[in-house]
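See structure below.
Every number here is computed from the coordinates shown, using simple stated rules; none is lab data. These numbers were taken from a predicted model, which means no experiment stands behind them. Here Cβ is always computed from backbone atoms with ideal geometry, including for glycine, and neighbour counts include all displayed protein chains.
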Amino acid sequence: MQATVLAFDSRGHSGSVVTDAGTTLPFDADAFSAGGLRLLRPGQRVRLTLSGNGQVMALTVSTLEQPPDAGRDRT
């Protein structure tokens with residue numbers, strides 16, 4: 001699933017995205033770290049990995065490969 005970054009807190013490594021379907025989803029520092037990213041900017045396109053309940057598990061810049069363990073549920 002692809003989305004656009006709405007907000008990113010560079011200190012807490014958390015933020016929110018809006019999916020192409022118009023749904024706003026928050027992401028936490030664990031999801032940010034799972035994607036191997038160092039920084040995000042509002043407006044940047046990302047690819048999401050979601051858990052079964054719709055929680056963002058990982059996000060990567062849409063031009064990068066997904067991490068191999070990104071789909072692993074942390075709960």
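In terms of its alpha-carbon gyration tensor, segment 19-60 comes out oblate; a/c meets the 1.5 threshold, while b/c is at least as large as a/b.
Which residues in segment 21-45 have a backbone N closer than 12 Å to a point placed 7 Å from the Cα of ALA7 along the Cα-to-Cβ line? Inside the label zone: 25-27.
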